[in-house]
Amino acid sequence: MNSQINDQEIKDMVRQKYSEIALQDKETNQSSCCGSGCCSTEVYNIMSDDYSTLNGYQPEADLGLGCGLPTEFARIKKGDTVIDLGSGAGNDCFVARAETGAEGKVIGIDFTPAMIDKARTNAEKLGFNNVEFRQGDIEKMPITANVADVIVSNCVLNLVPDKKAVFREIFRVLKPGGHFSISDVVLIGELPDRLRHDAEMYAGCVAGAIQKNDYVGHIHEQGFVNVVIQKEKAIHIPDDILVNYLNEVELKRYKQGDTGIFSITVYAEKPEACCAPGCC
């Protein structure tokens, strides 16, 4: 992203891109970076995690956009209230519903109207009356405080300009003793400027990623405890995408350098006896 693009312009761009993605099939989305349209002859291994073996999986809701399997690690129990941030067509919500059961509740939040429409259509077809989808910004969730037992999210926070605000909201919305499991993209080292400042790469879940240590630091700053990296894997950007941004010398330097792009799934808990601002 260049310095002239502000946070609202970033959000508008992401909303437009993901409105287009809502109309695409899984195969199209998997052949690009988070469905952003960066065509490649290779499939990003950021998309390689397979939901199809998970209980509750619904193919119609799987747009192939994730970078992990947060619901697999989320320790959801029967009767839990679960919130999915950036719920898309409902993929993680329906997997979470299989875990929490008919006695639980699942709420998906997405700021793209086309995704909300698609998710609600999927839920109606499945006859689920305890899964709902709300349009809203995860930096300011349309949820009251202290309602969620579990929060999940899959490759979404990297699209949000103010990641601190999201973790602050997660803390507010979780019950004391509640927890989250979030899959996301992080960096070790610096991306080349032309990658870091590109709108397509932002919508593609790469340019908006922050340093791994900063990401984990934001979690600690909000007062979460028992922070654990549950899974980590390297992401390799195919050469046919990189050549759109880097010349031959820059490409060689990038590939020989220390910069790493990673998908992580991170777990953390809101303390049982919570005295932090906004806790109770």
Can you tell me how many residues in the stretch 118-166 are out of contact with any Asp or Glu (no Cβ under 8 Å at 6 or more places or on another chain), surrounded by 16 or more Cβ atoms within 10 Å (Cβ to Cβ) and more than 24 Å from GLU103 (Cβ to Cβ)?
4
If you take the residues in the stretch 101-152 that are of a type in the set (Lys, Arg) and out of contact with any strand residue (DSSP E or B) (no Cβ under 8 Å at 6 or more places or on another chain), which one is nearest to LYS164 (Cα to Cα)?
LYS140
Selection count where residues are of a type in the set (Asp, Glu), surrounded by 22 or more Cβ atoms within 10 Å (Cβ to Cβ) and closer than 17 Å to VAL185 by Cβ, scope the stretch 45-100:
1
Considering only residues that are crowded, with 16+ Cβ neighbours inside 10 Å and touching a strand residue (DSSP E or B) at 6+ places or on another chain (Cβ under 9 Å), which ones fall in the stretch 234-255?
ILE235, ILE237
Could you check the stretch 177-193 and list, in sequence order, the residues that are more than 19 Å from GLY86 (Cβ to Cβ) and touching a helix residue (DSSP H, G or I) at 6+ places or on another chain (Cβ under 8 Å)?
LEU187, ILE188, GLU190, PRO192
If I go through the stretch 210-232 residue by residue, how many of them are at negative phi and surrounded by 16 or more Cβ atoms within 10 Å (Cβ to Cβ)?
10
Of all the strands (runs of 3 or more DSSP E) wholly in the stretch 67-183, which have at least 1 residues that are among the hydrophobic types (A, V, I, L, M, F, W, C) and within 29 Å of LYS212 (Cβ to Cβ)?
81-85, 105-110, 148-154
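All of the numbers you see were taken from the coordinates with simple rules; none came from a lab. Just so it is clear, the model here is predicted, and its values are computed rather than measured. In this analysis, Cβ positions are derived from the backbone assuming ideal geometry, glycine residues included, and neighbour counts consider all displayed protein chains.
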